[in-house]
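*Asks:* Here it is, the structure in full.
The values are calculated or read from the model by the stated rules, or taken from the named source; none is laboratory data. Quantities reported herein were computed from a predicted structural model and do not represent experimental measurements. Ideal geometry is used to build each Cβ from the backbone, glycine not excepted, and the neighbour counts take in all protein chains shown.
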Amino acid sequence: MRKLIAGNWKMNGTKADLPQLHALAESHKDATVDVVISGPATLLSRMAETGLAIGGQDCHPSTSGAHTGDISADMIKDTGADYVIVGHSERRTDHTEDDALISSKTVAGWNADLHVILCIGETEAQYRDGETLNVLLAQMDHSIPNAATAANTTIAYEPIWAIGTGLTPTPQEIADVHAALRAYLVDRFGGEGAAMRLLYGGSVKASNAADIFALDNVNGALVGGASLKAADFSPIVTALEQSA
Ligand code: PGA
């Protein structure tokens with residue numbers, strides 16, 4: 001299994017930030033892991049020129065049509081991108097996206113030949129109530145389409161309370177959750193589920209990356225804030241390359 005490190009720029013970045021990507025592409029042109037940056041739609045074409053793998057952050061379930069302000073998976077592919085994130089908690093919360101919609105967006109991504117990074121995660125209240133696994137398993141049941149394979153899908157576990165907060169679960173908690181997610185994927189998808197990459201996301205930074213990447217069933221990370229500057233992201237890429 002080739003590991004994956006994905007940066008998520010969210011609603012950040014203008015063309016003034018492209019030098020960050022050129023620097024990253026230069027430092028990691030021989031990377032032994034997949035390195036992806038999911039940028040704002042406005043920059044994807046220019047980001048793709050850096051030679052890095054590029055992704056969108058969301059797509060519409062339809063290929064085209066009267067959907068003002070939306071972007072289709074085909075449009076993302078047309079920029080030169082190869083990935084798309086779907087189901088990020090900020091989409092689920094800010095745009096009330098549910099699992100059924102996320103499932104249809106996943107299929108749209110596949111149909112455009114994009115690799116889908118599908119996000120799941122529990123709220124702080126659900127975490128405190130001991131509901132984490134129930135929430136995650138239900139999200140996977142309803143948002144991962146049956147045709148998922150290791151080649152077309154990566155699952156990202158992102159506890160909502162860890163996103164942008166500087167908080168992370170303990171290594172044991174991450175390992176326990178990822179073991180349960182792996183068991184689910186193997187049970188449902190067999191060998192494909194065993195080979196599907198599982199990312200951890202939520203306040204990953206250079207100082208905690210090595211400890212997180214050492215955990216079983218953590219096959220990479222989805223990184224927000226620390227992906228915006230090459231100087232912050234590059235050591236995380238290196239930590240993943242150096243993990244066993
Ligand atoms: P963060 O964001 O690394 O800034 O916590 C992660 C994400 O939302 O993907």
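*Asks:* Could you grab the pairs with beta carbons closer than 9 Å, sequence gap of 6+ or different chains, first residue in segment 202-213 and free of Cβ contacts under 8 Å to residues at least 60 places away in the same chain and farther than 13 Å from PRO171 by Cβ, second one away from the ligand (no atom under 13 Å from the Cβ) and of a type in the set (S, T, N, Q)?
*Replies:* Taking only residues 6 or more apart or on different chains, the pairs are ALA206/SER234; ALA206/THR238.
*Asks:* Test ILE117 against the stated conditions and say whether it is within 13 Å of the ligand (Cβ to nearest atom), of a type in the set (A, V, I, L, M) and at pLDDT 95 or above.
*Replies:* Working: within 13 Å of the ligand (Cβ to nearest atom): yes; of a type in the set (A, V, I, L, M): yes; at pLDDT 95 or above: yes.
Answer is yes for this residue.
*Asks:* Another question, if that's okay. For VAL177, state whether it is aliphatic (A, V, I, L, M), under 26 Å from PRO235 (Cβ atoms), more than 10 Å from the ligand (Cβ to nearest atom) and touching a strand residue (DSSP E or B) at 6+ places or on another chain (Cβ under 7 Å).
*Replies:* Yes: the conditions hold for VAL177.
*Asks:* Give the residues of segment 74-97 that are away from the ligand (no atom under 13 Å from the Cβ), free of Cβ contacts under 8 Å to residues at least 40 places away in the same chain and under 22 Å from PRO159 (Cα atoms), sorted by residue number.
*Replies:* Listed by number, the residues that qualify are HIS95, THR96, GLU97.
*Asks:* Does LYS29 satisfy being at pLDDT below 95 and surrounded by fewer than 20 Cβ atoms within 10 Å (Cβ to Cβ)?
*Replies:* yes
*Asks:* I would also like to ask the following. Would you check which residues across segment 123-143 are closer than 16 Å to ARG91 by Cβ and either among the aliphatic types (A, V, I, L, M) or surrounded by fewer than 24 Cβ atoms within 10 Å (Cβ to Cβ) (or both) and list them?
*Replies:* Passing the criteria: THR123, GLN139, HIS142.
*Asks:* Which helices (runs of 4 or more DSSP H) does segment 172-244 wholly contain that include 1 or more residues that are among the aliphatic types (A, V, I, L, M) and within 25 Å of ALA148 (Cα to Cα)?
*Replies:* Passing ranges, in order: 191-195, 230-242.
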